[in-house]
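The values are calculated or read from the model by the stated rules, or taken from the named source; none is laboratory data. The model shown is predicted, which means the values in this text are computed figures rather than measured ones. A quick note on method: Cβ atoms are made from the backbone with ideal geometry, for glycine too, and the neighbour counts reach across all protein chains shown.
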Amino acid sequence: METTLVETETATYGNTSLCYQCAKCSSGCPVSEEMDILPHQVIHLASLGLEDRVLYTDTIWICANCYACAVKCPNDIDITGVMNSLKQKALDKGITPRRPEVCTFHKVFANDIYRRGKVHELWIMGEYNLRMRKPFKNMMLAPRMFLKNKLKLRPPREVRGFRGWLKKILSRKR
Amino acid sequence: MTPIERNDVRRHKREKGMMKDQKIALYPGCSLETSSSHYLQSLEKVFELLEVEYTIMNDWNCCGATSVKSIDQDMNLMLNQRNLALAEQQGITELVVPCASCYHRLVSTSWELQQDPDRRQWVNQQTGLTYRGDVKVRNILDFLYNLVGLEKIGQKVQRPLEGLTVACYYGCLNTRVPKSETFDVMEYPMSMDRIAQVLGAHVVDWSYKTDCCGASLFLTMDNISERLVGKILRDASLRGVDCIAVSCPMCQTNLDTKQAHIRDEFEIQKPLPSPFITQLMGLAFGCRPEEVGLDKNFETLELLP
């Protein structure tokens, strides 16, 4: 089994090896009952370097990013940040996410930002539904949203200079 | 002593009042332009009545919300650094952010870049923009409570919201920011409650003030987000409130649009409107409901005669 240290000592996420398993994070987590392993177990596995074990869990994808865990941690570990970094790591390694719907949504959302610098909510809902092959999901809401002028058919205008800016960044990345 | 008396936001200090050399700008965020246009409408009306001198920030981009930081952490930093750097270039000192998600992204990025000089240098290089750290990112509640001040808000009240019982709901991201950046108590904030009190409303103590509504799972795992919304609504309804005041557009959409389906399941007796705090302010300042976009809320707020 591969053992690499996962974000153990970074200025951003705090030092996961400081965790003494008090489980405050897990007891405060609003979505813990849906998870296969609990947040404090994720931190434990991460600090042991058992990356492979955490990357295949439902937990990292179920995390709602509410930061309840991070603000409760007595050792200032940004557990939410670790969860996000694990999601990215799983994707980088080509691991199929245990909750593909969450991953698809994030990708659709991010790609829409890259188009013009702002999101077009209707497009995101549509593209997400099509990719998940559930074209009518949440469609009950759409008519009322339209009537109340809360959904716009036209996408927002491109943010001035955004695409050029992004292009430069992406070219540097390569 | 009730928690309301004990937990005074004043302990969570911050410079008070507006200064001459401050340049205030609003960062609206994507949702205020579309699904929560009524938030922007009420905000602009309230700022006008409070005589706040402000501009809307130019050329801002989306903060990336929960999505970008989940799959691309570097891009998340760069998107937000672009906003901060442009704000700095535009001479903005106070960047007022109404959306809790945008606020969380911007304030966390600003903090992260200050914490880690190497990272900051790297991001500056990547984006081709320099951010020195001169922009103060302000949550809308921080701005209203600390900069505008309760006194000024109180002076503008023409039609006090007497007889209205309100549960103030902050949601998760408004207060859960890096410790040095907090403007209110993380677990039991009071700034919105104080504002509602000044408007003449009666506020209640309740248990779900800062609990997550699951808005980031709104489209993906509706069962989870419905359960979270249900718990919030049920607790508020058991306390006999007329409405839940919110300041986050995600929370508002989630509480407002989901509740018709789940009211029976969670035994919630009557509809619970969730107006923005700025909409309540507008009403108390004497605006007609349409002027602050109340006609755009799904559950309508019935005001007493």
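Here is a check on your reading of the model: is A:Val42 part of a helix (DSSP H, G or I), touching a residue at least 40 places away in the same chain (Cβ under 8 Å) and not small (Gly, Ala, Ser)?
yes
The one condition from (1) outside any loop (DSSP other than H, G, I, E, B); (2) out of contact with any Lys or Arg (no Cβ under 9 Å at 6 or more places or on another chain) that B:Asp142 does not meet is (2).
Looking at this structure, is A:Ala64 at the interface with chain B (Cβ under 7 Å from one of its Cβ atoms), touching a Leu at 6+ places or on another chain (Cβ under 6 Å) and touching a residue at least 24 places away in the same chain (Cβ under 8 Å)? Spell out the reasoning first.
Values: at the interface with chain B (Cβ under 7 Å from one of its Cβ atoms): yes; touching a Leu at 6+ places or on another chain (Cβ under 6 Å): yes; touching a residue at least 24 places away in the same chain (Cβ under 8 Å): yes.
Yes.
For region A:61-78, does any single residue satisfy the condition of being farther than 18 Å from B:Arg105 by Cα, under 12 Å from the mean Cα position of the chain (by Cα) and at pLDDT 95 or above? So far as region A:61-78 goes, yes, one or more of its residues are farther than 18 Å from B:Arg105 by Cα, under 12 Å from the mean Cα position of the chain (by Cα) and at pLDDT 95 or above.
Quick check on my filter: what residues within region B:39-81 are of a type in the set (A, V, I, L, M), part of a helix (DSSP H, G or I) and within 25 Å of B:Glu151 (Cβ to Cβ)? So that I can check it myself, show each step before the final result.
Residues of region B:39-81 that are of a type in the set (A, V, I, L, M), as a first pass: B:40, B:43, B:46, B:49-50, B:52, B:56-57, B:65, B:68, B:71, B:75, B:77-79.
Filter again for part of a helix (DSSP H, G or I), leaving B:40, B:43, B:46, B:49, B:65, B:68, B:71, B:75, B:77-79.
Scanning region B:39-81 gives B:Leu43, B:Val46, B:Leu49.
Scanning region A:155-163 finds no residues that are out of contact with any Gly (no Cβ under 7 Å at 6 or more places or on another chain) and of a type in the set (Phe, Trp, Tyr). Here is the figure for region A:110-121: residues that are assigned to a helix (DSSP H, G or I) and at the interface with chain B (Cβ under 8 Å from one of its Cβ atoms) total 3. A Cβ distance below 7 Å, combined with a sequence gap of six or more or placement on separate chains, defines the contacts here; from region B:282-305, residues that are away from every other protein chain (no Cβ under 11 Å) and over 26 Å from A:Leu141 (Cα atoms) reach residues that are surrounded by 22 or more Cβ atoms within 10 Å (Cβ to Cβ) and among the polar types (S, T, N, Q) in the pairs B:Gly282/B:Ser42. In the set (1) over 19 Å from the mean Cα position of the chain (by Cα); (2) outside any helix (DSSP H, G or I); (3) crowded, with 20+ Cβ neighbours inside 10 Å; (4) not polar (S, T, N, Q), the condition left unmet by B:Leu95 is number (1). Looking across region A:104-123, just one residue is surrounded by fewer than 20 Cβ atoms within 10 Å (Cβ to Cβ), under 19 Å from A:Ala64 (Cα atoms) and in contact (Cβ under 8 Å) with a residue 12 or more places away in the chain, and that is A:Thr104. The residues of region B:198-234 that are away from chain A (no Cβ under 14 Å), at negative phi and among the small types (Gly, Ala, Ser) amount to a single one, B:Ala201.
Looking at region B:82-92, can you tell me whether even one residue there is aliphatic (A, V, I, L, M), assigned to a helix (DSSP H, G or I) and either surrounded by fewer than 24 Cβ atoms within 10 Å (Cβ to Cβ) or within 8 Å of chain A (Cβ to nearest Cβ) (or both)? Please lay out each step first, then the result.
Start the filter on region B:82-92 by keeping residues that are aliphatic (A, V, I, L, M), which leaves B:84-87, B:92.
From what is left, the residues that are assigned to a helix (DSSP H, G or I) are B:84-87.
Filter once more, so that each one left must be either surrounded by fewer than 24 Cβ atoms within 10 Å (Cβ to Cβ) or within 8 Å of chain A (Cβ to nearest Cβ) (or both): B:85-86.
Scanning region B:82-92 turns up at least one residue that is aliphatic (A, V, I, L, M), assigned to a helix (DSSP H, G or I) and either surrounded by fewer than 24 Cβ atoms within 10 Å (Cβ to Cβ) or within 8 Å of chain A (Cβ to nearest Cβ) (or both).
Go through A:Gly126, A:Gly94, A:Gly161 for me and flag whichever is loosely packed, with under 13 Cβ neighbours inside 10 Å and among the small types (Gly, Ala, Ser). Steps first, please.
On the way: A:Gly126 fails: loosely packed, with under 13 Cβ neighbours inside 10 Å; A:Gly161 fails: loosely packed, with under 13 Cβ neighbours inside 10 Å.
Step by step, each of A:Gly126, A:Gly94, A:Gly161 is checked, and only A:Gly94 is loosely packed, with under 13 Cβ neighbours inside 10 Å and among the small types (Gly, Ala, Ser).
Of note, A:Leu147 does not satisfy the criterion of being touching a Leu at 6+ places or on another chain (Cβ under 8 Å), more than 9 Å from chain B (Cβ to nearest Cβ), more than 29 Å from A:Gly14 (Cβ to Cβ) and surrounded by fewer than 15 Cβ atoms within 10 Å (Cβ to Cβ). Quick one: is B:His202 over 20 Å from A:Ala70 (Cα atoms), surrounded by fewer than 24 Cβ atoms within 10 Å (Cβ to Cβ) and either modelled with pLDDT under 95 or basic (Lys, Arg) (or both)? No, not satisfied. When A:Asp76 is tested against (1) assigned to a helix (DSSP H, G or I); (2) in contact (Cβ under 8 Å) with a residue 40 or more places away in the chain; (3) of a type outside the set (A, V, I, L, M), just one condition goes unmet, and that condition is (1). Scan region B:160-179 and give yes if some residue there is at pLDDT below 95 and in a helix (DSSP H, G or I), otherwise no. Scanning region B:160-179 turns up at least one residue that is at pLDDT below 95 and in a helix (DSSP H, G or I).
Of everything in region A:150-173 that is in a loop (DSSP other than H, G, I, E, B) and more than 7 Å from chain B (Cβ to nearest Cβ), the residue that is modelled with the lowest pLDDT is A:Leu153.
Does B:Leu106 satisfy the condition of being under 25 Å from the mean Cα position of the chain (by Cα) and modelled with pLDDT of 95 or more?
Working: under 25 Å from the mean Cα position of the chain (by Cα): yes; modelled with pLDDT of 95 or more: yes.
Yes.
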